[in-house]
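Here's the structure, in structure tokens; my notes come after.
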Amino acid sequence: MDIKSTFSEHNSTTLEWTVKGLKHVFESTMGEAKSRSMFSEHFGHDRWRAQFMANSGEASDQGSTSSDGGWIGLFINCTRTPAEEKEKASSGNWVRDGKYHLTCEIQGLDKAALCVPKTEYNHSFSDKSSSWGWYKFASRNSVYFHSSDTVKQDAFVITCTVTAAPVTLHPTRS
């Protein structure tokens, strides 16, 4: 009996970043046109890092950037490997091999979702596009100002997962 099978391999790396001191972060960015970015440590064998903006500079749905309104930004940055640096030096540009699925979410310390997770499919990275994310990832109200547990704990968890697009495996006969 000949059974036909299909296999695919998925390689993922996930960062869990506990951001502490949120009271200072959110209150110090009230009224700013755009806040400075905070960056995670590198992850996934130094190939990625997350970028968080407590105030992305985007207006709230009501059209203002009031003290508690507006949006946070969340991005994944692709950091070049030594081989990609060499490629850039020799040709003037670089491309990260493959396509990637990116998923980001923000949770309380109890792992309760503070906003809807967001996903981007089949994204590629190069010298022309070395980061991807959302200026309007979630409202400042939902992730901080209207979340009493987050305010009380003065922290939340940003989770970012980068998954290489599936690679089809061809079965071998034994």
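The values are calculated or read from the model by the stated rules, or taken from the named source; none is laboratory data. These numbers come from a predicted model, not from an experiment. Ideal geometry is used to build each Cβ from the backbone, glycine not excepted, and the neighbour counts take in all protein chains shown. What goes into the accessible areas is simple: the full protein's heavy atoms, side chains included, and nothing from ligands, DNA or RNA. Shrake-Rupley method; radii C 1.70, N 1.55, O 1.52, S 1.80 Å.
When the charge dipole of segment 104-153 is built from unit charges on Cβ atoms (+1 for Lys and Arg, -1 for Asp and Glu) and taken about the Cα centre, the candidate among Ile106, Asn122, Ser147 whose Cα reaches farthest toward its positive end is Ser147. Each other residue within a Cβ distance under 10 Å of Thr103 adds +1 if Lys or Arg and -1 if Asp or Glu, for a net charge of -1. For the options Arg49, Arg140, Arg36, a Gaussian network treatment of the chain with springs between C-alpha atoms closer than 10 Å singles out Arg36 as fluctuating the most. Our estimate of slack between Ser37 and Ala113, defined as 0.36 nm per intervening residue step minus the Cα-Cα distance, is 25.1 nm.
Backbone amide hydrogens, once placed in the peptide plane, bring Asp127 within less than 5 Å of Trp94, excluding anything fewer than 5 places away on its chain. Each label point was placed 7 Å from the Cα along the Cα-to-Cβ direction; for Ala83 and Glu120 their separation is 2.3 nm. Annotation: amide H-H contacts under 5 Å for Trp71 (H modelled 1.01 Å from N, sequence separation of 5 or more, or interchain): Ser56, Gly57, Glu58, Arg140.
Accessible surface area normalised per residue over the chain is 58 Å², counting heavy atoms of protein chains with a 1.4 Å rolling probe. Rolling a 1.4 angstrom probe over the chain with all protein chains present gives an accessible area of which 49% lies on carbon and sulfur atoms.
Put a plus charge on the Cβ of each Lys and Arg, a minus charge on the Cβ of each Asp and Glu, and nothing anywhere else: the dipole of the chain about its Cα centre is then about 240 debye. Here, segment 4-155 is characterised by an Rg to Rh ratio of 1.03, where Rg is the alpha-carbon radius of gyration and Rh the Kirkwood radius. Our estimate of slack between Ser148 and Lys4, defined as 0.36 nm per intervening residue step minus the Cα-Cα distance, is 46.5 nm.
Evaluating 6.51 cos²θ - 1.76 cosθ + 1.60 at θ = phi - 60° for every residue in segment 117-130, the Karplus couplings come out as x, 10, 9, 10, 10, 6, 9, 10, 10, 7, 5, 8, 8, 9 Hz, glycine and proline recorded as x.
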